[in-house]
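Encoded as structure tokens, the structure appears first; notes follow it.
The values are calculated or read from the model by the stated rules, or taken from the named source; none is laboratory data. Since the model is a prediction, treat every value here as computed from it, not as a measurement. Cβ: placed from backbone, ideal geometry, glycine included. Neighbour counts: every protein chain shown.
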Amino acid sequence: MATQTVSATPVQLSALNTRYHKAALSVFGLIVVAHWAEHIAQAIQIWVLGWPLPEARGVLGVPFPWLVKSEWMHYGYALVMLVGLIVLRKGFTGRSRTWWNVSLGIQVWHHLEHLLLLLQAISGYHLLGKPAVTSIIQLVVPRVELHLFYNTLVTIPMVVAMILHMRPSPAERAEMVCSCAGHRG
């Protein structure tokens with residue numbers, strides 16, 4: 001039996017930036033904000049509740065500790081974020097596109113850091129001989145704080161982009177090809 005490959009056609013990708021843009025942004029936004037909330041929960045567990053670092057795993061990491069320890073899961077999420085920001089970018093215009101691009105640029109770096117972590121986990125060779133997998137900026141900033149910071153830096157401009165996209169100026173509305181702001185281009 002032949003296996004069937006699932007791939008998005010240009011028409012399907014176009015639909016994500018036109019008639020399904022609002023729905024796609026809603027799903028993507030929910031995923032991103034939920035992930036950010038996990039980092040915030042972990043920070044609260046450490047700095048407010050005083051939990052030791054190995055026990056502070058966010059909401060999902062408490063019942064599923066492997067989630068926090070899996071470099072594959074962290075890399076997969078970074079890749080999903082990067083792909084989502086790239087795929088949904090064409091639906092933005094004007095000021096919202098600028099903010100979306102800021103989020104995308106930050107996520108490119110965040111993704112590269114996770115790729116570096118994953119490659120270390122796979123190879124067993126750690127950056128500068130460190131005892132654990134280590135990203136470049138993690139040489140200066142501890143991992144929990146760094147990833148809370150990265151996710152904040154990606155999420156805030158993305159949310160600003162979405163708000164501006166839903167409230168476009170007249171010129172931006174005229175360029176829109178989606179129905180996000182109640183206008184079908």
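Inside segment 126-154, residues that are surrounded by 14 or more Cβ atoms within 10 Å (Cβ to Cβ), within 22 Å of the chain's Cα centre (by Cα), of a type outside the set (A, V, I, L, M, F, W, C) and not in a helix (DSSP H, G or I) make up a count of 2.
When the helices (runs of 4 or more DSSP H) confined to segment 8-87 are screened for residues that are under 14 Å from M158 (Cα atoms) and of a type in the set (G, A, S), those reaching at least 3 such residues are found at 21-47.
Counting just the residues of segment 69-84 that are touching a residue at least 12 places away in the same chain (Cβ under 8 Å) and more than 30 Å from K22 (Cβ to Cβ), which one comes out surrounded by the fewest Cβ atoms within 10 Å (Cβ to Cβ)?
Within segment 69-84, the first condition is being touching a residue at least 12 places away in the same chain (Cβ under 8 Å), and the residues that meet it are 71-72, 74-75, 77-82, 84.
When the remaining residues are screened for being more than 30 Å from K22 (Cβ to Cβ), the result is 71-72.
Working: E71: 16, W72: 10.
Per the stated criteria, the residue is W72.
Of the residues that sit in segment 155-174 and are surrounded by 14 or more Cβ atoms within 10 Å (Cβ to Cβ) and free of Cβ contacts under 8 Å to residues at least 60 places away in the same chain, which one is farthest from G105 (Cα to Cα)? Walk me through how you get there before you give the answer.
If we filter segment 155-174 for residues that are surrounded by 14 or more Cβ atoms within 10 Å (Cβ to Cβ), which is where we start, we get 155-162, 164-165, 168, 172-173.
After this cut, where a residue has to be free of Cβ contacts under 8 Å to residues at least 60 places away in the same chain as well, the list is 156-157, 173.
Values: I156: 13, P157: 11, R173: 25 Å.
Residue satisfying both the conditions and the ranking: R173.
Quick test for you: out of G105, G182, pick the one residue that is more than 21 Å from P54 (Cα to Cα), not acidic (D, E) and not in a helix (DSSP H, G or I). Being more than 21 Å from P54 (Cα to Cα), not acidic (D, E) and not in a helix (DSSP H, G or I) holds for just one of G105, G182, which is G182.
For segment 88-102, a tally of residues being over 14 Å from the mean Cα position of the chain (by Cα) and not in a loop (DSSP other than H, G, I, E, B) returns 8.
Count of segment 17-40 residues, restricted to those that are over 14 Å from the mean Cα position of the chain (by Cα) and β-branched (V, I, T), is 2.
Can you confirm whether L60 is under 21 Å from the mean Cα position of the chain (by Cα), among the aliphatic types (A, V, I, L, M), modelled with pLDDT of 95 or more and surrounded by 14 or more Cβ atoms within 10 Å (Cβ to Cβ)? It would help to see each step written out before you state the result.
Details: under 21 Å from the mean Cα position of the chain (by Cα): yes; among the aliphatic types (A, V, I, L, M): yes; modelled with pLDDT of 95 or more: no; surrounded by 14 or more Cβ atoms within 10 Å (Cβ to Cβ): yes.
When the stated conditions are applied, L60 does not pass them.
Among all residues of segment 109-125, there is at least one that is more than 30 Å from E175 (Cα to Cα) and outside any helix (DSSP H, G or I).
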